[in-house]
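The values are calculated or read from the model by the stated rules, or taken from the named source; none is laboratory data. Since the structure is predicted, the reported quantities are computational estimates derived from the model, not experimental observations. FYI the Cβ positions are ideal-geometry reconstructions off the backbone, even for glycines, and counts take in every protein chain you see. Heavy atoms of the whole protein, side chains included, go into the accessibility calculation; ligands, DNA and RNA do not. Shrake-Rupley method; radii C 1.70, N 1.55, O 1.52, S 1.80 Å.
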Amino acid sequence: MSRHTLLVSLGAVVAAVSPGSVCRAQGAVSGQVAILEKANDPTEDMTNTVIYLEPAGGVKSRPAATNTSIALQARQFAPRVRVITEGSKIEFPNQDPFTHNVFSKAPQGPFDTESFGKGKTRDNVFKTSGVYPLYCNVHPKMTAFVIAVKTPYFTQASNDGRFDIDKVPAGKYAIHLWHDRGGEHVDTLVVPASGLKDLKYQLDARGYKYVQHKNKFGKDYQFNGDIY
Ligand SMILES: [Cu+2]
């Protein structure tokens with residue numbers, strides 16, 4: 001091989017290795033989840049199902065913040081469930097004409113916004129991953145859940161239970177499916193470069209029973225003249 005030929009060959013190799021080709025192939029992970037209900041009751045809160053994929057070796061860098069909001073509206077948290085990345089901020093705008101509060105006793109990050117009135121907004125940064133049940137110290141039936149995750153691969157199911165997580169690099173994952181009445185299911189997935197589809201999962205809400213939580217002082221709620 002002449003010196004000239006060698007230089008040409010090296011040039012061809014360099015051109016073939018573009019920055020994009022160094023990345024691992026990415027595919028979508030999709031499927032459908034169903035909630036088993038007592039006496040075939042319909043599932044009206046399917047979108048409260050959170051699905052996320054944790055890479056087997058953990059994530060190398062902290063995923064970007066996915067700041068969002070949960071409104072206080074008609075004596076409810078709207079929406080009732082939000083999944084975010086660890087370290088994200090959630091704002092709580094009070095859209096009712098009366099006072100609310102937001103507190104959580106989650107051991108990984110308890111907080112309390114104190115009471116705030118109509119048109120005001122409070123917020124909280126969820127620094128540590130985990131499930132945060134949120135309550136209002138004024139209204140005993142108000143409940144929401146924030147699920148803070150350490151991965152950028154997450155979603156919430158649509159009304160029919162379908163889910164689709166885009167751009168998942170090939171590799172091994174733990175898939176978590178969580179629903180406030182159906183509990184949590186964890187499974188191992190090996191995602192090929194082409195992705196995975198038609199996954200089927202079922203969560204069981206038949207044993208679920210509503211349990212009234214305590215107020216922020218750890219005591220039973222007292223009727224305070226407000227309408228529950
Ligand atoms: Cu309230």
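Considered as a group, the residues in segment 109-135 that are assigned to a loop (DSSP other than H, G, I, E, B) and among the hydroxyl-bearing types (Ser, Thr, Tyr) include one that is least open to solvent (accessible area, probe 1.4 Å), and that residue is THR113. Across segment 28-78, the number of residues qualifying as under 29 Å from THR99 (Cβ atoms) and over 17 Å from the mean Cα position of the chain (by Cα) comes to 6. Tell me yes or no: at least one residue of segment 164-175 is open to solvent by 10 Å² or more (accessible area, probe 1.4 Å), within 16 Å of the ligand (Cβ to nearest atom) and part of a strand (DSSP E or B). No, that holds for no residue. What about VAL138, is it within 16 Å of the ligand (Cβ to nearest atom), open to solvent by 10 Å² or more (accessible area, probe 1.4 Å) and among the aliphatic types (A, V, I, L, M)? Answer is yes for this residue. Scan segment 60-83 for residues that are open to solvent by less than 40 Å² (accessible area, probe 1.4 Å) and either in contact with a helix residue (DSSP H, G or I) (Cβ under 9 Å, 6 or more places away or on another chain) or part of a loop (DSSP other than H, G, I, E, B) (or both) and the total you get is 3. Taken together, the residues in segment 84-104 that are crowded, with 21+ Cβ neighbours inside 10 Å and either under 29 Å from VAL59 (Cβ atoms) or touching a helix residue (DSSP H, G or I) at 6+ places or on another chain (Cβ under 9 Å) (or both) amount to 8. Among residues of segment 34-48 that are within 13 Å of GLY207 (Cα to Cα), those with a Cβ under 8 angstrom from a residue that is open to solvent by 80 Å² or more (accessible area, probe 1.4 Å), sequence gap 6+ or separate chain, pair up as ILE35/GLN202; LEU36/GLN202; LEU36/ARG206; GLU37/ARG206; LYS38/ARG206.
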